[in-house]
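Take a look at the structure below.
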Amino acid sequence: MATNQSDINVYVEKQKRKRELQHYYVSFVLMILFTILAFAAVMLRDSINDYLIAIFIVTMAIVQVVFQLYYFMHMKDKDHGFPSLFLYGGAAVAFLTVISFVSIIWIS
């Protein structure tokens, strides 16, 4: 019975690793695709508004940061609560700082 249970555990662990590797591949391909889309947007800047291109590029950058944090820096895994708190807290402070400076510039 113990051998059967250990075989099942090994099989489940292999399937879990295989699924995780597939997620890595998909997220890597998506990040490459987002980068290509950002370059294509810049190449088409004659026919697209510059502000729209800037918003698109920033959106692509934010999506890529989320992918990298979630998959490649293992923030999706359990027991990463404390590092996640500091990472996302720092991102919130940086976001608020940028918004503050942008609003100060626009008001002046």
Residue tally, condition under 29 Å from Leu37 (Cβ atoms) and without any contact (Cβ under 8 Å) to a residue 24 or more places away in the chain, over segment 71-92: 11
Pairs only if they're at least six apart or on different chains, beta carbon under 9 angstrom, first in segment 47-62 and within 27 Å of Ser27 (Cβ to Cβ), second of a type in the set (Lys, Arg) and modelled with pLDDT under 90; list them, first residue then second. Ile53/Arg45
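The values are calculated or read from the model by the stated rules, or taken from the named source; none is laboratory data. Worth saying up front: this structure is predicted, and the values here are computed from it rather than measured. Virtual Cβ from ideal backbone geometry, glycine too; neighbours counted across all protein chains shown.
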